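Chemist: The structure under discussion is supplied below as C-alpha cells; questions concerning it will follow.
A short reminder: the numbers here are calculations on the coordinates, not readings from a lab. Keep in mind the model is a prediction, meaning the values are calculated, not measured. No Cβ is skipped: glycine too gets one built from the backbone with ideal geometry, and neighbour counts run over all protein chains shown.
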Amino acid sequence: MTKHAGFSSDEAVAAVVAPPPTGLHFSPFPPPTKAAARDCKKLAAVHVDITAPMAGSWFESMKDSSPRHAADAEHGDWMEKHPSALKWFEAALGAAKGKQIVMFLDYDGTLSPIVEDPDRAVMSEEMRDAVRRLAEHFPTAIVSGRCRDKVFNFVKLTELYYAGSHGMDIEGPAKQQSKHVKASCPRKHVADRWSHASLQAEEEEAVVQYQAGSEFLPIIEEVYHTLTAKMESIPGAMVENNKYCLSVHFRCVQEEEWNAVEEEVRSVLKEYPGLKLTHGRKVSIWDKGKALEFLLKSLGYAGRSDVFPIYIGDDRTDEDAFKVLRSIGQGIGILVTKFPKETAASYSLRDPAEVKEFLCKMAKANQGDGAAEKMLT
C-alpha cells in the first residue's frame, strides 16, 4: 500500500497527474492485435477530456482506491485461493524450474512498513541485504508510485532497476553494475520501436531509461509549491512531489476538514486545465503493468517461454502488474496483505517481514546451483 501515491483509502491520499502526451503515443509498446490497438485508442481518448467533471466526491470513492476486502469471503477460503508463498514455496516456484526469474518489487508496504510520514518509510538494513542478495541471482526492479530518485535514496542499491511515478520514470543499472542488463538491443532499434524510450550507450555501458510527460514537469513543480502553501492552513495535510504526479496526503487530517482539502485542491487546479485530479489509482494508460512489460522487453525477456516474472506488491496499483502476468500466462503475482482482498495475484504474504523471508529463501535456494539465472534446477 503506497502511502504517498494516492491509492489507498486507508492512507487517504489524492493525486494530481499529467495526462498522456499528445498523439496517444504514451505506451512504448505496439499493440499486439488490432483489437488491442482499438482498446488502447479508446482508453487514451477517454483521458484526453481531462476537464470532465468527476462523479461524486473523491472522498466517497476512496473505498475503491485500494484492493477491497472480499465482501463475504472467509479468510480460510481466501487463503485456499491465494496461499502463502512461504508455506507453498516449492509449489509457487515449481513452474520456474530451469527458467529465468525476473523480480519486480513494490516499495511501500512491501519492502518498508506503512508509516504516517511518507518521508520516514525507511527499509531496514536486513531488508536491504535481502534485496541485494536477491539481485545477485535475478534481475530485480523496484516499481513504485514515488519519485524514482526518492525510491533510490531509500533503497540505495545501484544494481537494481527503478521504476518511479508508477512506471512513468524508469532507469536501470549500467552494464558494469549488473550482469543482468541485456545490451544486445541496438540503441537505434529502441529509438525506432519505442516512443519516449532510449537505451543509452556510453563507454560500452548500457542504461535502460524511460521518461514520459517531461513537458509537464515545470507545471507540476509550480502546482506543488502552490498546493503546499494552501495546505499549511490545514493541520495534518501535506503535499508530496512524485515528479510526474503530486500526492495530497490527508490521513492525519480531521475528517471535518476533508472537504476543505478537496476545495483547496480544486481551486488550484482550476488554473491548470492540463492536469487532472484523481482519487485512488492512477488514471493514465501507463501503469505498473506497462512498466513491467517495458522492463521485460528492455531486458530481452519479452515473448520468451523460458522467463518467469515474479511481482510482489500490496496496493491496488499493483493489480495492473498482476493482471499482465495472468494475461501472458507466465510468472506469479504475490499480494502483501493480512486481510482477504480482491486480487489477480496467485499467492500472498502477510507483511514486509514475510516478504524479506521469501526473498532470502529465494536467494538461498539458488545458491550453488551453478546457474545464477536459473532457479531450483
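Chemist: Amide H of residue 100: which non-local residues (sequence gap of 5 or more, or other chain) have their own amide H closer than 5 Å, using H built in the peptide plane?
Modeler: 307, 308
Chemist: Would you mind ranking 326, 316 by Cβ crowding within 10 Å, fewest neighbours first?
Modeler: Final ranking by Cβ density, sparse to dense: 326, 316.
Chemist: Under 5 Å between amide hydrogens, which residues at least 5 positions from residue 84 or on another chain qualify, with H placed 1.01 Å from N in the peptide plane?
Modeler: Distant-sequence amide H within range of residue 84: 348.
Chemist: Now a separate question. Listing 156, 81, 356, 323 from the residue with the fewest other Cβ atoms within 10 Å to the one with the most, what is the order?
Modeler: Ascending number of Cβ neighbours within 10 Å: 156, 81, 323, 356.
Chemist: Could you go through region 160-166 in sequence order and give the Karplus-derived ³J(HN,Hα) for each residue, using 6.51 cos²θ - 1.76 cosθ + 1.60 with θ = phi - 60°, rounded to whole Hz, and x for Gly and Pro?
Modeler: In residue order, the calculated couplings are 9, 9, 10, 10, x, 6, 6 Hz.
Chemist: Residue 161's amide H: which non-local residues (gap 5+, or another chain) put their own amide H closer than 5 Å, with H modeled 1.01 Å from N in plane and none for Pro or chain starts?
Modeler: When sequence neighbours closer than 5 places are left aside, the close amide H contacts are 140, 141, 142.
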